[in-house]
Amino acid sequence: METEWKDLARQIAPVAGDFLPSSDPLRDRNSLRGSIINPAGAIALRTMVSGFESGATNKAMPWVQFKMQDPDLNRYKPVKEFLEIVKNTVLETFIKSNIYKIFPKVYRDLGLFATGGMSVVEGRKSPLHCTHFPVGSFLLGTDEEDRVNTVIREYKMTAEQMVHEFGEKKVSSRVKSAYDRGNYDQWFDVIWMVEPNPEAREDYLFSKHMPFKSTKWEPSESGEPLSLSGFPEFPMMFPRWDVEGVSPYGTDCPAMLAFGSTKSLQSREREGLNALHKAVNPPMAGPTGMERPSQIPGSVTIEPQGPGQGFRPAVQINPHFAEMRGSCDKVENTIDKIFYSDLFLMLSNSQDQTKTAYEVARLEDEKRIQLSSVVTRINDEMLDPLVERTLGVLFRAGKLPPAPPEMQDQMMAFEYVSIISQAMKSVGITAIERGAQFIGANMVNFPEMRDKINPDKMVDQYFERIGTPPDIIHDDNETATIRQDRAQRDQMAQAAASMGTAAQIGKTLSETNVTDPSALTQIQAAMQGGGALPGASGVMASPMQGGVPNG
């Protein structure tokens, strides 16, 4: 694998990886960049890294949120408030740490070598401290479920760093001697191994009984190790682009797929430069005596055999620069597609500003489909263990509030709400939107269609898929209270309106003329005396008198 990694780095990113056989890790690597004439591969890799950095773990926006596995608890306000506090605490911890400086390096190694690596330990000045593991500096082992659980890493530390971390009594005599002489910056090799602990206990009280065992030692010394410790969670994350068979290392990343294209591109550029040099400064021929004619502008050279026999190009060439440039452009476009540059930049690079929302959605679907497999691996092999490790560190440090009683013996889960993760969930969002549009368009002709829709569940699922913060959404109890209050207000308004109507009727009757013959007096007279109403064809007896109408 190391030979392949070296070739990949040489073609695209010479400074990546830890392959230099130098005792000084700060050795200048700029001399390695000379082999790259056309940096199309490096630019495409940079675009991909920026795309993952902004689309998966954007520092400027929340990219993870927590929820309970029991969906009913997620609607309970105290639980939602607690989960929101946990989310904010975790994201603030990431911001205070150096992890956002490590993410780009891991994404670069993932796209370049198909394997990225980093560690997350408890820091001295912040809850977390992350370290990038360059490819070539570690060996991996996996368990029966293909999860990385064993790591051996070789790296370098200065004499000052070793004394400060391990103490003078732990370091070798060579390190102590260099430190005593004032050679604080002298480098020494250190090996760090983390593996499952065969002596682990569930109720551990000491580090030697933790689930994972950590050992550090100097490879040149055979005495006591520099440190022996343990971890409650596996402290290292190794996302892999894809895995073939039982190999613990990744494969089929963009740089591996584009290796032939990047190598061909450098060859074409060299041929183009060679042709350009021959056209601008061609090989020359001339008569005897003109071995060194002056080529300075304005100078004069005397021809030894008369005019017409002077210095002239020995070979006439006509390089097809347009065809050569077109050939290189095709290779560059292929490299961009392999690195998903066209997908990450599809909206900003699109020259057609008249695309409909449907066309843009289809482009987003294409992006989601092509990135879904690697995004799943990034979530499973890097972000999941990172969040679990962070929660463990914060819990042991007392940085998390006590959980509500309703959460006792309940499982908490987390999900990612980054741009890429939301794009992967957009299929469900589109289905909800299309369903709502269908109902809205046909409900006028078929009003009974509304009976098939549960609006509350539709809103809950839609907001969950688009990553709406749960603290701004009312739970079921709050929603029921709001609706009950609204119904009561509506009833009170209707009652007030009815009372207003009755008052108006009473007011009208009170103002009716009862002294002169009027409709009111005639009604009263008919009811009291049994007389006929004016214009009536029969006689209406008073109900009080038990009369019978005339036939």
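Derivation of every value follows stated rules applied to the coordinates shown; laboratory data play no part. All values reported here derive from a predicted model rather than from experimental measurement. Glycine also receives a Cβ, built like all others from the backbone with ideal geometry; neighbour counts cover every protein chain displayed.
If you add up the charges near K399, with Lys and Arg at +1 and Asp and Glu at -1, over every other residue whose beta carbon is less than 14 angstrom from its beta carbon, what do you get?
Summing Lys/Arg as +1 and Asp/Glu as -1 gives +2.
Less than 16 Å apart at the alpha-carbon level, and either on another chain or at least 8 residues along: which aspartates and glutamates does that give for K101?
Cα-Cα hits under 16 Å: E53, E92, D109.
What spacing in nm lies between the two simple spin-label points modelled at H209 and E291, each 7 Å away from Cα in the Cβ direction?
9.0
Separation of the stretch 383-426 and the stretch 234-313 by C-alpha centroid, Å?
Cα centres, the stretch 383-426 to the stretch 234-313: 54 Å.
Label points 7 Å out from Cα along the Cβ direction at F321 and A441: separation in nm?
It works out to 5.6 nm between the two label points.
Please rank T479, T47, T262, fewest neighbouring Cβ atoms within 10 Å first, as an exposure proxy.
The fewest-first ordering by Cβ neighbours comes to T479, T47, T262.
Where Lys and Arg each count +1 and Asp and Glu each count -1, what net charge lies around S172 among other residues with Cβ under 12 Å from its Cβ?
After counting each charged neighbour, the total is -1.
In nanometres, what is the gap between the two model label sites at M492 and D180, each 7 Å from Cα along Cα-to-Cβ?
It is 8.8 nm.
Given a Förster distance of 25 Å, report the FRET efficiency between F463 and K399 from their Cβ-Cβ distance, rounded to the nearest 0.05.
The pair F463/K399 has a calculated efficiency of 0.30.
Setting aside same-chain residues fewer than 8 positions from K278, which lysines have a Cα under 26 Å from its Cα?
Straight-line reach from K278, under 26 Å: K263, K330.
What's the Cα-based Rg to Rh of the stretch 138-237, Rh via Kirkwood?
1.04
Which pairs, out of K87/K125; K105/K208; K105/K337, put more than 30 Å between their alpha-carbon atoms?
In this structure, K105/K208 lie more than 30 Å apart at Cα.
What's the local net charge at V331, with K and R +1, D and E -1, over the other residues with C-beta under 15 Å away?
The answer is -1.
Between the DSSP loop rule and a limit of at most 12 other Cβ atoms within 10 Å, which trypsin sites (Lys or Arg not before Pro) in the stretch 169-268 are left?
Hits after loop and neighbour filter: K169, R181, R201.
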